[in-house]
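Scroll down for the structure; my scribbles are underneath it.
The values are calculated or read from the model by the stated rules, or taken from the named source; none is laboratory data. Not measured: the values here are computed from a predicted model. Cβ atoms come from the backbone with ideal geometry, glycine included; neighbour counts cover every protein chain shown. With ligands, DNA and RNA removed, areas are computed over all heavy atoms of the protein, side chains included. Shrake-Rupley method; radii C 1.70, N 1.55, O 1.52, S 1.80 Å.
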Amino acid sequence: MNEKAVSEAVGFVLILGIVISGIGLVTLYGYPVLVKEQSNTDVKNMERAMIVIQNDMKSLCFKNVPYKETSLQVSGGTFEVINATQYGGFINVTNGTPAFQKNYTIGALTYRSDRGTGVTTLENGAVMIRQEGATGSAMLAEPRWFYDDSTDTFVIYIMNITTEAPMAKSGMTTVRMSLEGSDTQSIPVAPGDNVTVEYTSGSSGDYSVAWENYLTGSSVGMQKTAPSNYYERSGVANLVIKEYRIRIHDI
């Protein structure tokens, strides 16, 4: 055989080119997919952690447990506690006769992903998700509002989150909280009058779609009216509002 035109350098260059091309393709297409999957995993883990915290809050409010601690791993984002007075979100409840109207500030626990657009929020006993910059939202775990058809009683639960100072953390954290106090109001509603609920979003983002789907669902049965963030319930004979003040000591 005639090997005068054969060179080892040519083979080396070809093999090196194939290797570099393979690394480039993996970096270009594979790495973003891996980052996205990791981000999705982090968000899903925090969604489950928020539901655990929600259950702990229910234990404080409904089971007379004085103190709860919840340990969780915050990965790929920041976990934040927002005091009710600084949150900006509130729920306004009104009825007709006797005249009653009050704003209930709520506060929130919020997780924001650093690698994606996912935001998870625990607000007024509800765990909700949304995408940063998008208008839609969804409720993963509902609060305990309900309407009792047998007595025409509408029960509203308010969970007010308070802290001594703003808190935010990543990595391993332990949420320490206790029930600071509670109040219950029982308000008669005159025949023909409606109970009106107004929801206003706070600094963690717009969750009006999630609340609309919940308030107009079968468990609460309210009707959306103008303006767009008002909801009414007719046929109510007695309105019961239970407000719980939950203090977050540390995270």
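Worth a mention:
- Residues considered: Thr117, Thr162. Of these, the only one that is among the polar types (S, T, N, Q) and open to solvent by 30 Å² or more (accessible area, probe 1.4 Å) is Thr117.
- Among residues of the stretch 221-251, those that are in a strand (DSSP E or B) and in contact (Cβ under 8 Å) with a residue 60 or more places away in the chain, counted: 14
- Test for Phe154: is it among the aromatic types (Phe, Trp, Tyr) and open to solvent by 30 Å² or more (accessible area, probe 1.4 Å): no
- All conditions but one from (1) open to solvent by less than 50 Å² (accessible area, probe 1.4 Å); (2) within 15 Å of the chain's Cα centre (by Cα) apply to Thr174; the one that does not is (2).
- Failed item in (1) within 17 Å of Arg233 (Cβ to Cβ); (2) free of Cβ contacts under 8 Å to residues at least 12 places away in the same chain, with Phe100 passing the rest: (2)
Residue-wise test of (1) touching a Leu at 6+ places or on another chain (Cβ under 8 Å); (2) modelled with pLDDT under 90; (3) farther than 19 Å from Ser182 by Cα; (4) open to solvent by 10 Å² or more (accessible area, probe 1.4 Å).
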| position | (1), (2), (3), (4) |
| --- | --- |
| Ile82 | yes, no, yes, yes |
| Ile91 | no, no, no, no |
| Asn95 | yes, yes, yes, yes |
| Ser113 | no, yes, yes, yes |
| Thr135 | no, yes, yes, yes |
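- Each residue in the stretch 137-146 was checked for being within 22 Å of Glu243 (Cβ to Cβ) and open to solvent by 30 Å² or more (accessible area, probe 1.4 Å), and 4 pass.
- Meets criteria (touching an Asp or Glu at 6+ places or on another chain (Cβ under 8 Å), in contact (Cβ under 8 Å) with a residue 24 or more places away in the chain and open to solvent by less than 50 Å² (accessible area, probe 1.4 Å)) for Tyr87: no
- Of all residues in the stretch 146-169, at least one satisfies being under 17 Å from the mean Cα position of the chain (by Cα) and within 18 Å of Asp42 (Cα to Cα).
- Of all residues in the stretch 208-245, those satisfying the criterion of being surrounded by 16 or more Cβ atoms within 10 Å (Cβ to Cβ) and basic (Lys, Arg) are Arg233, Lys242, Arg245.
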